[in-house]
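Each remark here refers to the structure printed beneath this line.
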Amino acid sequence: MTCFTCDTLVPDGAKNCPRCGAKLVLDGTQNNAIPWNRGVIQPRDYGEEKRQFALEAKDSIRKTFFVRIGQTIIYTCLFVLALITLTSSTYFIYEHDFIFNDLPTIFSALNIVLWVLLLIRLSDLKGYEERFGTALRYAALVMLFSLASLFLTGSLVGLLISIGGLVSGVLFMYHYCGSFSDLTGMVDEDISRKWELMLRIFIVETVLRLGGLLFLYFSIKNAGSVYQMLSAVNNTLLWSFIFALLELLVMIIEIIIFLKTIKHFENRS
């Protein structure tokens, strides 16, 4: 006979399913075993077919991992530039215009290219988990806001673009982490919970960044003297460093979770 919960073959007369642990009773046909407490939610089990289907996504997951590695390298470079800017004099920055003005723009452009590659990877993963399709759409919005930030740098316009990028980034990560949580949940519940933790970490980082952006905007807008303006500029340098540090830390945490995900998928294959 077979278990009603997970379709596993169960020895005749068994009181519990040897696989999912559900307590069983026989139905009238003697061919199936049904849970004695059918009204109660049984232990979660996706079945072997779904598990094997999820494991087939490991190549797409690995390719997505390499794209995120590339983005982590870019965030590391931006963090180093922010650190140098924070600790350097105004004269030094002025004398190295390429390093402190042109190079960040180049890194941002490279990051947009990586976002395009990420869209391709998410399109592949959509075949294994439909929610990746929603993550793909929000990733496209993040890419568009990043592209707009290269050309529209006015104070209010720049603030709106930054906020739009943050909001679309939150929605992207919500579905991105949720998709990986659902997909990995078919293979390992522990890895699934790590992706849920990843989302919470990103939300905390986003709230801090949003607060920093609003603080900088109003401090510059309300500057009524040269001293206040210089103070606002110094605050901008400090918050740019904090933003870069937060982004880098979040990316490093994601890379660690990615490595654990790939390892579990390879071990289960």
Points 7 angstrom from Cα along the Cβ direction at residue 242 and residue 208: gap in nanometres? 0.9
Assuming 0.36 nm per residue, please report the length gained on full extension of the stretch residue 141 to residue 88 beyond their Cα-Cα distance. 15.6 nm
Per the 1/(1 + (r/R0)^6) rule, R0 = 25 Å and r from the Cβ atoms of residue 56 and residue 117, FRET efficiency to 0.05 is 0.75
Suppose each label sits 7 Å from its Cα in the direction of the beta carbon; what would the residue 69-residue 160 distance come out to in nanometres? 4.1
Reach of residue 126 by Cα under 20 Å, taken over lysines that are not fewer than 8 positions away in the same chain: 50, 58, 63
Taking amide H positions as placed 1.01 Å from N in the peptide plane, with prolines and chain starts having none, which residues 5 or more places from residue 16, or on another chain, fall under 5 Å of its amide H? 24
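Mind giving me the FRET efficiency for residue 107 and residue 48? R0 is 41 Å, r the Cβ-Cβ distance, nearest 0.05 is fine. Each step should come with its number before you reach the end.
Values: r = 45 Å, r/R0 = 1.10.
The formula returns an efficiency of 0.35 here.
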Once you put a point 7 Å from the Cα of residue 196 and another 7 Å from the Cα of residue 218, both along the Cβ direction, what distance in nm separates them? 3.6
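Each value in this text was obtained by applying a stated rule to the coordinates, not by laboratory testing. Model, not experiment: these values are computed from the prediction. Ideal geometry is used to build each Cβ from the backbone, glycine not excepted, and the neighbour counts take in all protein chains shown.
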